[in-house]
Structures are given as structure tokens and as C-alpha cells.
1. Sort out which residues of segment 390-416 are under 19 Å from Leu67 (Cβ atoms) and within 13 Å of ligand 1 (Cβ to nearest atom), and write them in order of number.
2. Name the pairs: first residue in segment 450-461 and away from ligand 2 (no atom under 15 Å from the Cβ), second residue of a type in the set (A, V, I, L, M, F, W, C) and open to solvent by less than 10 Å² (accessible area, probe 1.4 Å), Cβ to Cβ under 7 Å, at least 6 apart or on different chains?
3. Kindly indicate whether Gln89 is over 24 Å from Pro172 (Cα atoms) and of a type outside the set (Phe, Trp, Tyr).
4. Among the residues that make up segment 427-440, is at least one of them under 27 Å from Gly385 (Cβ atoms) and aliphatic (A, V, I, L, M)?
5. Return the pairs, sorted by first residue and then second, in which the second residue is open to solvent by 10 Å² or more (accessible area, probe 1.4 Å), the first residue lies in segment 273-286 and is on the phi > 0 side of the Ramachandran plot, the beta carbons are less than 6 Å apart, and the residues are 6+ apart or on different chains.
6. Here is a check on your reading of the model: is Gly343 assigned to a loop (DSSP other than H, G, I, E, B), open to solvent by less than 50 Å² (accessible area, probe 1.4 Å) and not basic (Lys, Arg)?
7. So, Arg319, is that one at pLDDT 95 or above, touching a Gly at 6+ places or on another chain (Cβ under 7 Å) and open to solvent by 40 Å² or more (accessible area, probe 1.4 Å) or not?
8. Among the residues that make up segment 413-428, is at least one of them in contact (Cβ under 8 Å) with a residue 40 or more places away in the chain, within 19 Å of the chain's Cα centre (by Cα), within 16 Å of ligand 2 (Cβ to nearest atom) and open to solvent by 10 Å² or more (accessible area, probe 1.4 Å)?
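The values are calculated or read from the model by the stated rules, or taken from the named source; none is laboratory data. Since the model is a prediction, treat every value here as computed from it, not as a measurement. With ideal geometry, Cβ positions are generated from the backbone for all residues, glycine too; neighbour counts draw on all protein chains shown. What goes into the accessible areas is simple: the full protein's heavy atoms, side chains included, and nothing from ligands, DNA or RNA. Shrake-Rupley method; radii C 1.70, N 1.55, O 1.52, S 1.80 Å.
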Amino acid sequence: MFRFASMCLLGLLIAGPLPAQIPTAEYAARRDTVAAHLGDGVLLAFGAGEPMTDEADFHQLPAFQYLTGYDRVNAVFVMAVRGGRVTYQMLFEPPIDPRRALYDGFAPDSADLERRTGLGLRDRDRLREVMDGLAGRGTLWTVTDAHSRDYRSTDSLSAERYFVQRFWAAHPNVTVRSADALLDSLMVVKSPAEIALLRKAVDISVLGQIAAMKAVRPGVNEHDIFALTDYTFRMAGASGPSFRAIIGSGPNSTSYHYRANDRVMQAGEVVVMDMGALYDGYAGDVTRTVPVNGKYTADQAAIYSIVRSAQQAAADVARPGEPVGTGDKAIRAIMATELARLGLTEGPDATFDPPWADAARCERVPVVCTQAFLYMAHGPGHGIGLEVHDAGGYSYSPTGSFQLNEVFTIEPGIYISTALLDMLADTPKNRAFIARVRPVVERYNHIGIRIEDDYLVTPTGVEWLSKAPREIREIEAVMQAAAKSRRSGS
Ligand code: GLY
Ligand code: MN
């Protein structure tokens, strides 16, 4: 019965109306807006290279996708701008070896490409020559080709940096500047077409959560849930996951970005399930933490309720123009009060000597040195869009305030493990803290709870998009109904 119902649900999603793709005119309008901001100069954007492995999916780079909608490997985009208007725009792609084309496919038809993107295509072997010809046109604006926002400064596989260094050596008078901040400031606000695609990505992510909740039980391997999410996403029309799903049970629930997904779950534990579907390039990101045997213990429920209240407090204050720090403070305030009440800290404002800050940083950013921070040492959320950590939200806001039509996550968590105490330096302050809280930490050991939802900023507040069961009683009801139907064999 349960299996039949979920297949019907998947069937409906597959058959349902598909949201509109991004229109060609929208890509052209984006380039015109970028040109208006740049004034004069030449913009150079590299797309994603070919995956150097046979098992990886190809994902176009977000900024390149935003500017061109072109999703082939090793492409480069060049746009010359004068007086705020586009004077030249072109895609470049390496020539395709005829034998290689038999493996990877032939070059796109140029008329079809022009219709789909509004752009022409030239041989990438001519890129340097074209760029040399444009060298007198003002500033060279570069777009990072790091594979993810999180690795912009450390991604060493940068074809863009290699090209720009050699170009600049030949044209030392050209000013080189990054267009990343401009693109972030534009990409944070989503168009109606983008919002429709994000809704679809989030809806499919929710289906993954529901399928996972129904399948979790003692004796199931994290890997089974991991595989089920992937299956559910793809069967519902997603191109795959927007990031490697995190399925962390028991001790693994306290590791924010646990990756192995290979442990057998036990009754009495919780499992953090953090997953997102990728739909037409747009990323969902939803987390639920569920009890492995379908019912939270009193201690798990106590922690869950704190995290859920903190999340709601942040959702309640988010609206256009509101500083993102307001929601962050709301989350931290609830955590500080409640963790002290449970005896996990020495008091709401109590501090310690953390491994991540010296006295000067504690002075500048006091929150990171509060004992409560030890139990949630990550940010409260981020934008979602053409990558799972997109511009916007708490961690990547270009303006520091929410903007109408940005889409973002709120994902507070509390992660309790004796490992937190064991990693602290042996200082008088830490010794006193540890002596006071260790018995309580041992009581709650291996309870990691994260709740993550996706929200759209509306004129008056936010719309909750990721409507997977979220309250304790709702999650328990779904899990217990699934257990019952398993017992009855339906
Ligand atoms: N959902 C994983 C993350 O946001 O880091
Ligand atoms: Mn997230």
C-alpha cells in the first residue's frame, strides 16, 4: 500500500506540468544588466571543464550558466561593453576531434544555438587572439571558475586564472578586476522563472525526505536511505542530487557534513538526513532529523524542540530589508537560554576558550566564544539557486539584508558529543566548563539535530517552501504509519 501510494505520488510529479525554462530573452536581459553595471570593459567567464573521471556528472558553473544558459564542457564566454551596452558577445568552445565526437556527441548546430542562447560560437583556439584584440577596451572583468562558492579561494583547477595570468603578462597595462561581487548581487534575487524551478527542486527534495522518513528503521544502513533519496529525486524528474546527501545516524548525527553514509542505524538513535534535489540546474536543500525507531526519546524531543523554535524565530523576523543578523541573533538567543537551562552550558552568556578564536577574535565576534556556540558552530543558512550554497541568506548575503525574491535556507542545529569537550585546550576556563557540563553532555551524547527548510522572501515576510513533515508529532505519525503498513505487509 505504502509502496503503491508513493509510486502514484512519483507518477503525479513526473506527469505534472513542468515549470517554464529560463527564456532566452531572460539570459539576454541578464547580460544587458551586467553590461549596464560594468560601463566599459571586457567580461571573461570560463564554464566548467570536462569531468576528469568517468563517474562524475557534468555541472555547469553557476555564474556561467546564469550568463549564457549554455551547458557544454570547456566553453568560454566573452562580452565587450561600451557605455553600458553590449558591443560584442560570443561563446568559445574547443574544436571537436571527429573521432572524439563519436564518443561525446557532435558540436551544436549554430542556428539552434543562436536561437537557444542568442549567442554565436567560435573555436576556442581563437580565444586568445580575440582577447588580444579587445585588450584596449578597458578593464578586464573576470568571473571565478571555482566549482563552488565555498572553494573560491582554494580551488586550484582554475583555467580562468591560468588564462588571465598569461594574458596580463602580455598586457600589463590592462586593469583586471573580479565581476564576482556584481554577479552575486544580481543572482541573489530570483526571477519568476527561477522561482518556479526552485519550487520544483524543493518539492522533489521534500519527496526525498518523505520517502526517507518512511524507510528509516533499526537495522537499515545509512547507505540504503542515501540510495533511496537519489532514486526518488531522479524518478521525480530531478537530474540528481544538488549535493552529496548526508545520512548520519547516532554518533554521525553530530558531524555536520558527514559523508560516509555506511553505518547501520540502531533503535534509540536519531538520524540527520540532509538532502537536496537538482532540477534544471536549481538546487533544493532540506534537512530532517528523525528517530530511528519512529519515536523521539524525551531527551531527543527536548533538543528537537529547541532547534525548531530557533528556526521559527528566524523565519518570523525575515522580510525584505531586514538585516540577516537579526535572524542569526534570534537563533543564538534561544540556543543560549535553552542550552543553559538543560545544563549544557554554565549560563546563557558563559564563555570558553574555543579552538577557533583567540582573545582578539572573541572581542570582535563575541558569539563564537560563547559556550552555546560550541553546540552549533555553523552558520544559520545560505541562499539556494544555481548551486546549493548560492548568494543570499545568512552566510552569503551581498547586502547584509534580505531582498524580495531571494530564496534561502534556515538550518539551525544542536550537536552534542563528548568529542566537543575532548577537543578543548586544557585552560582554567575550559577545565571549569568541562567539570560542570560533562555529566549532562554524556546524558545527551550523540544527539545531533538539524532542521533545514527553504524559504522565499515575499513582500511581507517569507513563504515556507519545503513542506515536509516537520513537527515531532507529524514525523512520528509518518514513521509509525509506515511501520504499520510494513507489519501488515501492504
Ligand atoms: N545542506 C548542507 C549545507 O548546507 O551545508
Ligand atoms: Mn544547507
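1. Asp390, Gly392, Tyr396, listed by residue number.
2. Leu456/Val407; Val457/Ala318; Val457/Phe402; Gly461/Ala318
3. Criteria not met by Gln89.
4. no
5. Cβ pairs passing all conditions: Gly281/Gln65; Gly281/Leu386.
6. Values: assigned to a loop (DSSP other than H, G, I, E, B): yes; open to solvent by less than 50 Å² (accessible area, probe 1.4 Å): yes; not basic (Lys, Arg): yes.
For Gly343, the condition - assigned to a loop (DSSP other than H, G, I, E, B), open to solvent by less than 50 Å² (accessible area, probe 1.4 Å) and not basic (Lys, Arg) - is met.
7. Yes, satisfied.
8. No, there is no match, as no residue in segment 413-428 is in contact (Cβ under 8 Å) with a residue 40 or more places away in the chain, within 19 Å of the chain's Cα centre (by Cα), within 16 Å of ligand 2 (Cβ to nearest atom) and open to solvent by 10 Å² or more (accessible area, probe 1.4 Å).
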